[in-house]
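No lab work stands behind these numbers, since they all come straight from the coordinates. Just so you know, these numbers come straight off a predicted model, no measurement behind them. Backbone-built Cβ (ideal geometry, glycine too); neighbour counts: all protein chains shown.
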């Protein structure tokens, strides 16, 4: 598994835990790394993603809600929602990773951590974020 994939998976796990038990992000990450020893490069990338998502969570949630027709954020599975936040953050704020790579990674992570329908759900929402409805890529 690549460093960034591992970083994304760790970031998803951290975001999920923070979603269930909100607390200071930096303090949480110190404990998280004690319980989840990982290569430093993966930790660095995960930390960057977690900090970015936490900082921009309200904007990310607004965007996701606007693209998820007929889905309230509260109805979404917590894994799916946090994965959407993570991928949307990368799509909007990380220009060092191709958009197709971000979406493909999110789909694969959804298959690993989500439900049977998570990958299709995540793919659909992320496609709407990248290519708004009514516009061709």
Fill in the blank from the handout: Stretched fully, the stretch from residue 51 through residue 21 gains (0.36 nm per residue minus C-alpha distance, one decimal, in nm) 9.2 nm
Exercise for the section: May I ask for the angle, rounded to the nearest 10°, between helix 3-20 and the longest principal axis of the chain, with both axes built from Cα atoms and the value confined to 0 to 90°? Expected result: 90 degrees
Practice task
Kindly put 34, 51 in sequence by how many other C-beta atoms sit within 10 Å of each C-beta, fewest to most.
Solution key: 34, 51
Fill in the blank from the handout: Among 60, 83, 12, the residue with the largest mean-square fluctuation in a Gaussian network model of the chain built from Cα contacts under 10 Å is 60
Completion exercise
In degrees rounded to 10, the 0-90 angle between helix 57-67 Cα long axis and the longest Cα principal axis of the chain is 30 degrees
Problem - Inter-label distance for residue 38 and residue 128, nm, one decimal - labels placed 7 Å from Cα along Cα-to-Cβ - result: 2.8 nm
Exercise for the section: Relative to the longest principal axis of the C-alpha atoms of the chain, give the angle of the C-alpha long axis of helix 99-113, reported between 0 and 90° and rounded to the nearest 10°. Expected result: 70 degrees
Practice task
Just report the Cα centroid separation between the range 93-120 and the range 36-66, whole Å.
Solution key: 14 Å
Fill in the blank from the handout: Under the helix-only model (-39500 (n - 2.57) for each DSSP H run of 4 or more, divided by the residues of the chain), the mean residue ellipticity at 222 nm, to 500 deg cm²/dmol, is -23500 deg cm²/dmol
Practice task
Evaluate the relative contact order of the range 27-137 (contact order divided by residue number), counting alpha-carbon pairs under 8 angstrom at least 6 apart; express in whole percent.
Solution key: 24 percent
Exercise for the section: Order by neighbour count: 89, 45, fewest other Cβ atoms within 10 Å first, most last. Expected result: 45, 89
